[in-house]
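Have a look at the structure below before the remarks.
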Amino acid sequence: LGEISYRGRITVSIRNLVAVTIRLMSEYGIVLDAGSSHTALYIYKWLADKQNGTGVVTQHRECHVKGGGISSYAGLHGAAGQSLEACLDQAVKDIPKEKHHVTPVYLGATAGMRLLQMSDPEQSAQILQDVGHKIQSYPFNYQGAAILSGQEEGAYGWVTVNYLLENFIKYGFVGHWFSPGRPTVGALDFGGASTQITFATQEELEDTRDTMKLRLYGQEYSLYTHSFLCYGQDQVLKRLLAHIVKSQGYSGAVDHPCYPAGHSRTLQFSSVFNSPCTTESKPSSYNPQEYLTLHGSGHYEHCLGNVSKIFSFDSCPFSQCSFDEVFQPNVSGSYMAFSAFYYVHSFLQRVTGITVSTPSQLEEAVSTVCRMSFSQMLLLAPEQKARLQDYCASSVFVKVLMLRGYGFDEASFPHISFQKKAGDASVGWALGYMLSLSNLLPAETAGLRKALTLGAWGALIFLFVLLLTAVLVVILFRVCHRSNESSV
Ligand SMILES: Nc1ncnc2c1ncn2[C@@H]1O[C@H](COP(=O)(O)OP(=O)(O)OP(=O)(O)O)[C@@H](O)[C@H]1O
Ligand SMILES: [Ca+2]
């Protein structure tokens, strides 16, 4: 019994020792993804000196901030910063104390703040300052709070996707190190206020504004990336409402062909016309407090007609365009579609029972959802109650955007994977942003062979010696124990 408990204690001690060594060798980084609809805090983790391979930076934790995005706190002094407190407090607990001061923390804001910057630059600066102050009151290594351009958002999303899929390096040793790289995967992000399409292409790009060149792991990548502001889900729904209200003469009672038949909802005019994305359809004079009642008619074809009006497919100054006079080469290869692309796709599959992997399956699932009653949907997806009325419109939008806008067809659509996670990590621009800003992505492959630092070697040798000692003690103990037994 004595031997068992002694061996047990040694096993526990070795386990603790390994855990402590890994803890000492781990590094952490924090990104706050300040989206238009909400903020998420991600903590990433990697082993010191291991950071230059792909797939070695992993997601340690994520925390979702309660309430709206930081741009929704415009005019409320200090409130945007305060909203981040709970997640920052959690991060203090999730990261070992001795690592706090060396943990970089970045805040990146996207389309909600881009819109606020356009409509009220002072408020947007105030909010950035506000959140910056709040983060600096924590013990981490503050690296700044910034508004990402649409291009950056698209490119960092692409970096994340390909890092998580380990597409940048497939290295081996054949007399010398080689890293031929694998085909990369395009990134499709459908946020609350903007949507991004990014993919690597060999084609000549006719509009240099949509081009980005990256050199990663010794390989040159030429990216096509475009961000469509006001084409995120929440803004699309607002723009659709504005268009419907306008086309029905701004009356107080409106027929909504994308809402389920028999479902109605009342809201104020201000909630439709309070965004820079709906300025075009705004009446010259109106009472923002006035109420508007929407009566659903569940009419798929009329819904499609109205949603299509959100895009402009009429003119193209290039050899080919997606829409709104934006150049786009043909889509090719595989894609990962995340954020609201994932939410819409998974809802369609769940409530219709149709596997959506071809354009015709998408059409069938979308028209099925648009013909469902509110109570039918509620029965199948009760936890989505607050969003149910909008799924027909969002699905029709996704269909028009992907098939008519981006040009996915029978051959290319099946190569889109709708995902919100890859492994344990959430798919979005946050990981790519941190990898790039913390220099964790080397331009050359040489980084792969980077030797361990003295400190890391020290920790490893220390661990090895301790393990060896423990094993010797066990052996010695057993030998003594046996010789005692034989002498008895
Ligand atoms: N669980 C969910 N189910 C369905 N829709 C959701 C869910 N969570 C968020 N959404 C909606 O999906 C859309 C995209 O959300 P996401 O968090 O990706 O946007 P965001 O990052 O806030 O916006 P942006 O990237 O444009 O700044 C939003 O309209 C949001 O309201
Ligand atoms: Ca986003």
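The values are calculated or read from the model by the stated rules, or taken from the named source; none is laboratory data. Just so it is clear, the model here is predicted, and its values are computed rather than measured. Cβ coordinates were reconstructed from backbone atoms using ideal geometry, including for glycine residues, and neighbour counts include every protein chain displayed. Side chains are part of the model used for accessible areas, which takes the heavy atoms of the whole protein and leaves out ligands, DNA and RNA. Shrake-Rupley method; radii C 1.70, N 1.55, O 1.52, S 1.80 Å.
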Is segment 389-411 home to any residue that is polar (S, T, N, Q), open to solvent by less than 20 Å² (accessible area, probe 1.4 Å) and within 22 Å of SER247 (Cβ to Cβ)? yes
Applying the selection to segment 100-118, what residues are in contact (Cβ under 8 Å) with a residue 40 or more places away in the chain, surrounded by 15 or more Cβ atoms within 10 Å (Cβ to Cβ) and over 16 Å from TYR42 (Cα atoms)? ALA111, GLY112, MET113, ARG114, LEU115, LEU116
Selection status of ILE70, more than 16 Å from ligand 2 (Cβ to nearest atom) and either without any contact (Cβ under 8 Å) to a residue 12 or more places away in the chain or in the same structural domain as PRO442 (by TED's automatic domain parsing) (or both): no
Turns out the strands (runs of 3 or more DSSP E) fully within segment 262-347 with at least 1 residues that are within 16 Å of ligand 2 (Cβ to nearest atom) and in contact with a Leu (Cβ under 9 Å, 6 or more places away or on another chain) are 335-339
Going by what's in this entry, would GLY218 be described as buried (at least 23 other Cβ atoms within 10 Å of the Cβ) and either in contact (Cβ under 8 Å) with a residue 60 or more places away in the chain or at positive phi (or both)? no
Among the residues of segment 90-118, count how many are part of a helix (DSSP H, G or I) and away from ligand 1 (no atom under 16 Å from the Cβ). 11
Within the group GLN248, GLN196, GLN235, GLN202, which residue is open to solvent by 60 Å² or more (accessible area, probe 1.4 Å) and either within 16 Å of ligand 2 (Cβ to nearest atom) or within 17 Å of TYR335 (Cα to Cα) (or both)? GLN202
SER37: at negative phi and in contact with a strand residue (DSSP E or B) (Cβ under 9 Å, 6 or more places away or on another chain), yes or no? no
